[in-house]
Amino acid sequence: IPGSRPFNLTCFNGALYYVTPNTDDLVKIEIDPFGRMIQAYKVADLMNNNGHPGFVGDLAVDPNGLLHISSDNVFATFDMRTLGDFTVVASTTNSRYAGLLFTIDGRLRATRVDDTRIIHSVSLADGSSTSSIPSVPFRGFGDLAGPQNRIPVDVPQGRHYFAQPASSIIRELNIATGANRVITWAAPWNIGGIAYDPETKVIYYSENPG
């Protein structure tokens, strides 16, 4: 796994993601259908290598595919659909959260670094706590996680895809250089045909019965 071990983790469209401590490296962990880690690799520089967000406490993805990042320096967002558009929402230690999660209806909940026993409602506008309730029984939380639906992604221009023969693997292809890497191992069957719909931003594939 690239970089040192993280203290943050989130799930997006069947894969795990984390930010390496004190870098802007967003790392993706591919998981096979049996829950085993296949590979891990950096998918984006959050700030284009122009600095880093600091020590990231936690991550959470909203129902629109927007990653929310809480660190010791910033409360920020990053678009997981395009792997771009890092935006600082607040530069304040008042937004330091140890755990983040989105409810299925899009509400952000968090635990603060200074007291992980309290569950906070968080403003998406500025990262501030708008209300809070104690955990019952009164216990501290090391991290938070919640359910999430799959979200269609935007495919950056110049990227293409192919199905690896006689397998359930979809790979991304650089058509100019021939370089390719695994996008997912998790198709439920061997893939016959593959297509990308630019309007819905969804990759489709058909079953190969052979």
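Points worth noting:
- For L16, solvent-accessible area (1.4 Å; no DNA, RNA or ligand), Å²: 50 Å²
- The stretch 14-64 - Debye-derived log10 I(q)/I(0), Cα point model, q = 0.16, 0.22, 0.24 Å⁻¹: -0.52, -0.86, -0.95
- Heavy-atom surface of the chain, accessible at 1.4 Å and reported per residue (Å²): 53 Å²
- Amide proton proximity set for T116, modelled H, under 5 Å, gap of 5+: F141
- Sulfur and carbon atoms: percent of accessible area, the stretch 27-142 [1.4 Å]: 50 percent
- Using the Cβ of F7 as centre and a radius below 13 Å, the other residues enclosed give a net charge of -1, where K and R count +1 and D and E count -1.
- Within the chain, longest stretch clear of exposed chymotrypsin sites (Phe, Trp or Tyr not before Pro) (DSSP loop, no more than 13 other Cβ within 10 Å): 35-137
- Within the set (1) 1.36; (2) 1.29; (3) 1.10, the number that Cα Rg over 2.2 N^0.38 Å takes when calculated for this structure is listed as (3).
- Nonlocal amide H pairs with L59, under 5 Å, H built at 1.01 Å: L9, L100
- Backbone amide hydrogens, once placed in the peptide plane, bring G146 within less than 5 Å of F102, excluding anything fewer than 5 places away on its chain.
- Two-site label geometry, D114 and L173: point separation in nm, points 7 Å out along Cα→Cβ: 5.5 nm
The values are calculated or read from the model by the stated rules, or taken from the named source; none is laboratory data. This structure is a prediction, so every number in the text was calculated from the model and none was measured. Quick reminder, even Gly has a Cβ in these numbers, built from the backbone with ideal geometry, and neighbours come from all protein chains shown. Surface areas here come from the heavy atoms of the whole protein model, side chains and all, with no ligands, DNA or RNA. Shrake-Rupley method; radii C 1.70, N 1.55, O 1.52, S 1.80 Å.
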